[in-house]
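Only one structure is covered here, and it is reproduced in the block below.
The values are calculated or read from the model by the stated rules, or taken from the named source; none is laboratory data. Keep in mind that what you see is a predicted model, and the values were worked out from it rather than measured. For neighbour counting, all protein chains shown are included, and Cβ atoms are generated from backbone atoms with ideal geometry for every residue, glycine included. Protein only, heavy atoms only, side chains kept; ligands, DNA and RNA dropped before computing areas. Shrake-Rupley method; radii C 1.70, N 1.55, O 1.52, S 1.80 Å.
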Amino acid sequence: MSDTERHPFLDGLSKHRGAQPTCVVIFGASGDLAARKLLPALYNLAVDSLLPAEFFLIGFGRKPVADAEFKAQSAKDITQFSRRAFRADIWQRVEANMSYQAGGYDEAAAYVALKNQIEQAEQKAGRPLQLVFYVSTPPTVFEPILENLGQSGLASRGQGTALESKVIIEKPFGRDLQSAMHLNRIAARNFQESQIYRIDHYLGKETVQDLLVQRFANPIYEPLWNNHHVDHVQLTVAEELGVGSRGGYYDHSGATRDMLQNHTMQLLALIAMEQPQSLSAEHIRDEKVKLLSAIQPLNLGPQGDAVRAQYTAGLSAGEKVAGYLQEKDIPATSETETFCALRLAIHNYRWAGVPFYMRSGKRLARRVSEIAIQFKQPKNGLFSGDSRYDLSPNRLVIQIQPDEGSTLVLNSKVPGLEPRTQPVRLSFRYATTFGSNTPEAYERLILDAVVGDRTLFIRGDETEASWRIFTPLLNDWQQSVNQGMQTYAAGSWGPKAADDLLAAQGHAWRNTGR
Ligand code: BG6
């Protein structure tokens, strides 16, 4: 839209017909996530006129901050982190309905004050508002926030109507099966499941949403998508960055809790589950739970299915970087893994016998998230066993980020009189097909919560099914303190033990580009 065109949001309109008049309350409003992701996401929804026409935003945090200061800081954060340029006219309309509430997360009086602010917003709107609570605080205060929302009556506002309150709960959802079950109980005591939105921002990524379409709108894949044709599957979620300023959080988490248990398992569930009965949130989530429940318990111990490691000093993007134990806020004796690789077996008719490998780590050679499905090669194929033919197994690589797209590796004859072959790539890139300015995951997810679509959020039994796989491993690691902890140089592809994990079955990680 050009700047001279009338902008629907500025005219008090929303392009989203399902959006109810809404007040979003961000708990942890002065935190990193709010600054980098949530505020820019809300701003971009305003730019796209996708926010409800009547939209209010209340920041809630421990720090006493004046409304004006909250607005000014939010404008700065948006200018720095938004994918699109800051427009003063749009921002003025958003900030006119913004305020801040200071208070302790476990302090009942703070919720009374919050309720007053909400009532003021409703007076201004001249009508009741849907309340969307976004819990983006450290996990230690999830419980008091949920309890106080329940006790103050805010949680039950509008229950069963179009204005039903909603709560978005950030990760990590628990640290193990027991704590996740506990958190689910606390959430259920104060909200109905239909009001709870457990977020995993990977589900909001365009490429992750596209997995359903790629799989189920392209019927040519279905006959191949099983243990007759698939040799193995590799899921990589690699980051180039180290822990940065998040050492305090990360050291209590580690790669397995931070990335594998949630983001990578979601990718696995979507790539391996059966076709859901419909596109409804419940049918999709039913299939994910079935798949997660079919994953076999991990073999623990030295020759088992898991490898953990920490990065040591090395080179990242040509720069010398410190090892994990030298990073800010990391104890010199830390036993937290910054890398984890797993070999998983799925016990069902489709996948029995197909290894699923997954790995994630910080300070790896490059930032890439991808799913690589490698197909079987015939034992006595026409071109097998002749060195003139450079053959690659057929492989479908779905690149989640960056350079989003997918590639199918085939073999082709090299033009010329020599009888030579070479692997070639059929490649589709989002940027060239669709342009590059796609919405951020948080934009999609916040909008979905506002309009009440839970498809891209995690159900309670889904978090528990995933924790059931990881908890025995995490307990085992905790007991066998530091035994088995490997190291890898920053800027490498991880420890040798992770290569051995695949080599044991004649496989190797894909560490090169496409
Ligand atoms: C977060 C993790 O959930 O995901 C971070 O806590 C990680 O440690 C981040 O860096 C990665 O997200 P993305 O969208 O940049 O791949």
Exercise for the section: Answer yes or no: is there a residue in region 383-392 that is touching a strand residue (DSSP E or B) at 6+ places or on another chain (Cβ under 9 Å), farther than 30 Å from GLU222 by Cα and either more than 16 Å from the ligand (Cβ to nearest atom) or not charged (D, E, K, R) (or both). Expected result: yes
Practice task
Report yes if some residue within region 193-206 is of a type in the set (A, V, I, L, M), farther than 17 Å from ILE26 by Cα and open to solvent by 60 Å² or more (accessible area, probe 1.4 Å); otherwise report no.
Solution key: no
Exercise for the section: Of the conditions (1) away from the ligand (no atom under 16 Å from the Cβ); (2) open to solvent by less than 30 Å² (accessible area, probe 1.4 Å), PHE173 clears all except one; give me its number. Expected result: (1)
Practice task
Check whether at least one residue in region 265-287 is among the basic types (Lys, Arg) and within 16 Å of the ligand (Cβ to nearest atom), and report yes or no.
Solution key: no
Completion exercise
Here the residues within region 193-224 that are within 12 Å of the ligand (Cβ to nearest atom) and among the hydroxyl-bearing types (Ser, Thr, Tyr) are TYR202, THR207
Problem - One residue from ALA255, ALA217 being at pLDDT 95 or above, among the small types (Gly, Ala, Ser) and surrounded by fewer than 23 Cβ atoms within 10 Å (Cβ to Cβ) - result: ALA217
Practice task
Residue by residue through region 35-92, note down the ones that are of a type in the set (Gly, Ala, Ser), surrounded by fewer than 23 Cβ atoms within 10 Å (Cβ to Cβ) and under 16 Å from ALA19 (Cβ atoms).
Solution key: ALA46, SER49, ALA53
Practice task
May I ask you to list the residues in region 234-252 that are under 20 Å from VAL321 (Cβ atoms) and either open to solvent by less than 20 Å² (accessible area, probe 1.4 Å) or within 11 Å of the ligand (Cβ to nearest atom) (or both)?
Solution key: VAL237, ALA238, GLU239, GLU240, LEU241, GLY242, VAL243, GLY244, ARG246, GLY247, TYR249, TYR250
Practice task
Give the residue, chosen from ARG359, ARG366, ARG343, ARG350, that is farther than 26 Å from THR471 by Cα and either within 16 Å of the ligand (Cβ to nearest atom) or modelled with pLDDT of 95 or more (or both).
Solution key: ARG366
Problem - Test for VAL354: is it touching a residue at least 40 places away in the same chain (Cβ under 8 Å), of a type in the set (A, V, I, L, M) and open to solvent by less than 10 Å² (accessible area, probe 1.4 Å) - result: yes
Problem - Residue among SER136, SER82 that alone is over 26 Å from GLN159 (Cα atoms) and either free of Cβ contacts under 8 Å to residues at least 40 places away in the same chain or of a type in the set (Gly, Ala, Ser) (or both) - result: SER82
Handout entry: Subset of region 324-344 (residues that are in a loop (DSSP other than H, G, I, E, B) and open to solvent by 50 Å² or more (accessible area, probe 1.4 Å))
Key = LYS328, ASP329, PRO331, ALA332, THR333, GLU335
Exercise for the section: Can you tell me which residue among THR432, THR487 is more than 29 Å from ILE199 (Cα to Cα), open to solvent by 20 Å² or more (accessible area, probe 1.4 Å) and assigned to a helix (DSSP H, G or I)? Expected result: THR432
